[in-house]
Amino acid sequence: MPFKKHTPEEIIGKLREAEIVLAQGGTTADACRRLSISEQTYYRWRKEYGGLKTDQARRMKDLEKENARLRRAISDLTLDKLILQEAAPGKLLSPARRRRCVDHIRKELPVSERRICRVLGQHRSTQRKVPRGADDEQALTEDIIALARQYGRYGYRRVTALLRSAGWHVNRKRVERIWRREGLKVPQKQPKRGRLWLNDGSCIRLRPEYPGHVWAYDFVEGRTHDGRKFRILAIIDEASRECIALLVARRIRSTDVLAMLADLFILHGPPAHIRSDNGPEFIATAVKEWLGQIGVQTLYITPGSPWENGYCESFNGSLRDELLNGEIFYSLAEAQILIEAWRRHYNTVRPHSSLGYRPPAPEAVPLPVLSSGSATLHLRTALAKEVIMH
């Protein structure tokens, strides 16, 4: 005869029948025979359910289920805590780090892979997928390192733009991943300065609206290897960000400024405005009268407020950061050649962040991109044709 498991309600009903038999003068054995149970079962039932009613037994059963559920929850929380403690400190941001962490925890704790993946937020299909790099990963890494070595002050965003112009079909995130994996870094720049504001909240600066609207010029100082100083007159177009000219000489007077402006006005046409600081070469009477005769309005910034000439100051910082701080000029002629080569590179190749990582004045159309994602020409071959300045 198969064993039958009685519910608490059935047990309480049988105990009531046994009480009736005992009340009529019967013995415990008689009651057990009538209920078809052993005396041991009867005493065990009476010890556990004696004096209880059906609703009370049902409530006790619900409490036992709730207690079991709470014990399981506490056990799960304790196990999850152990898993998190065994995991690596900090956030596991990449699937590869989570994959390594899951393998480590499985070696240390007797926990299933399903449970660890649920705690760490790793999908099981991602955990079991064998990582396989792209076919062109090695070539792309070599090109990124070559660009980082040649242009030490460029970050991964500018390097991404250079890769795309060379024919690579690659997004910024992939370049950033390789950049961080190879340990490539760019030192942090100085914090930006604020602008000069009037009491009514307006800023003292005319905004450029189109190429040729506002030019800006300023001086940058450098030294040759023998310690002698030379000056650089930088002239830029604020709207297009193009560097129009870089005049390099030991001394630059107001007459030299006039001669340079005359050549540029013939080549590009005179701008509507020209912005500068209050240097003696810019506020000279001859310069002001000559510009007024041509119809070019002068914009002089407030003394001690270089941020009002922000476009030119930013260009000067890039010139010093990317070229002057990393080159040794043994003569003035060498400085003139290298600085002019850098100007051509700045205008035609160097990606500009404010222009959507495009150069101010590109000379050629970018190379076509293959559907496979690889460059049509190796970047190293294209770079070999350029002037190496770093």
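With kT/(6 pi eta Rh) evaluated at 4 °C and eta = 1.567 mPa s, and Rh the Kirkwood radius from Cα pairs, the stretch 242-337 diffuses with a coefficient of 86 µm²/s according to Stokes-Einstein.
Distance between Cα centroids, the stretch 294-336 to the stretch 109-188: provide it in whole Å. When both Cα centres are located, 36 Å separates them. Estimated at 0.36 nm per residue, the fully extended path between Arg46 and Glu86 surpasses their Cα-Cα distance by 9.5 nm.
Beyond 17 Å, what percent of the Cα pairs of the stretch 9-151 remain?
Values: 7607 of 10153 pairs.
Taking all Cα-Cα pairs of the stretch 9-151, the fraction more than 17 Å apart is 75 percent.
No lab work stands behind these numbers, since they all come straight from the coordinates. Keep in mind that what you see is a predicted model, and the values were worked out from it rather than measured.
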